[in-house]
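Asker: Structure below; questions to follow.
Nothing in this text is a laboratory measurement; each read-out follows from the coordinates by a stated rule. As the structure is a prediction and not an experimental result, all values here were calculated from the model. No Cβ is skipped: glycine too gets one built from the backbone with ideal geometry, and neighbour counts run over all protein chains shown.
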């Protein structure tokens, strides 16, 4: 019999998480029955709560939030080494992109709870940043970290920084409006990318994302051929370009056409490991949370079938 431990992050979705807590409580009571609830009071506390729940014998650790919350809990479930413990996800954040990879509809809390109640577990890959890095709220804690959906460098981080200062926008519109602003402001990053099977790509880039799943940024299929079950990471390398060309790429990326429309400027590499070389230790985002790398070189690798996730049985 499954024992569910449900972790709410009320800060997810720029505070929208609070509005759905009671909705999810009622739905969980109706469709699952007895569950144990915990609510985070500080950034990253879901990691500690997940560790406690696993130690207490719960076997379904449910994260209610978005990609950042899910990624933090997934990292602890994977680190436990317990094959009998799985991650459950309930969408309540800004992007909810990892859930899209599995067929979750972010707009339907009831459907998500019904999926959780059905209890079908799918084994998925994770990624790992092997280079030491620290979260911005705990700069003294340097560690290696697993990620669930994506790590991003360059434009991606600039958009997150801009979104943090946007006062009136929420959800997918928040990403799109702040991204449009940064298309005309961001100066680019210089990075060299080498894969296990691919030669060095070097130069000034608008953005580099290394994806486990297909989606990021609130539904952009940045790695159109990626799957969370294929045993590969997909690096999307977008070279820098003038502002109007950036705008065209942005519009095409929303439909997954950025690769085919400009193959000289956009390339997606599928590989099991990537080594990235920067001019200085980069800031990067991991499942939506910004981190600071300890060194100029960042090593990223795939962890095949690392995690059991409660998910829709079919996409």
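Asker: Simple spin-label model, 7 Å along Cα-to-Cβ: residue 243 to residue 2 in nm?
Answerer: 5.0
Asker: Same structure again: Where in region 134-154 is the amide nitrogen less than 15 Å from a point lying 7 Å along the Cα-to-Cβ axis of residue 292?
Answerer: Residues passing the 15 Å test: 134-143.
Asker: Can I ask one more? What FRET efficiency would be calculated for the residue pair residue 184, residue 107, taking the C-beta separation as r and a Förster radius of 35 Å, to the nearest 0.05?
Answerer: With R0 = 35 Å, the Cβ-Cβ based efficiency is 0.70.
Asker: A follow-up question, please. Given an 8 Å cut-off on Cα distances and at least 6 residues of separation, report the relative contact order of region 128-304 as a percent.
Answerer: 30
Asker: Let me ask another. Can you tell me what share of the DSSP beta bridges in the chain is antiparallel? A percent to the nearest 5 is fine.
Answerer: 75
Asker: I've got another one for you. Given a cut-off of under 8 Å on Cα pairs at least six residues apart, what relative contact order in percent is computed for the chain?
Answerer: After rounding, I find 22 percent.
Asker: Once the Cα gyration tensor of region 173-315 is found, what semi-axes does its equivalent ellipsoid get, as square roots of 5 times the eigenvalues, in whole Å, sorted largest first?
Answerer: Three semi-axes, in Å: 23, 20, 15.
Asker: Place the peptides 122-132, 40-50 in order of packing, highest mean first, counting for every residue the other Cβ atoms within 10 Å and averaging per peptide.
Answerer: Going by the mean number of other Cβ atoms within 10 Å, highest first, we get 122-132, 40-50.
Asker: If you count, for each residue, the other Cβ atoms within 10 Å and average over each peptide, how do 137-143, 150-156, 173-179 line up from highest to lowest?
Answerer: Listed from highest to lowest mean packing, they are 150-156, 173-179, 137-143.
Asker: Measure off 7 Å from each Cα along the Cα-to-Cβ vector at residue 279 and residue 255, then give the distance between these two points in nanometres to one decimal.
Answerer: Using points 7 Å along Cα→Cβ, the separation is 3.6 nm.
Asker: So for region 4-125, considering every pair of alpha-carbon atoms, how many percent are separated by more than 20 Å?
Answerer: 34
Asker: Stretched out fully, how many nm does the piece from residue 199 to residue 79 gain, at 0.36 nm a residue minus the Cα gap?
Answerer: Numbers: separation 120, 0.36 × 120 = 43.20 nm, distance 3.18 nm.
Value of the extension gain: 40.0 nm.
Asker: 222 nm [θ] for the chain, helices only, -39500 (n - 2.57) per DSSP H run of 4+, per residue, to 500?
Answerer: Numbers: 9 runs with 93 residues, N = 315.
Roughly -9000 deg cm²/dmol at 222 nm, from the helical runs in the chain.
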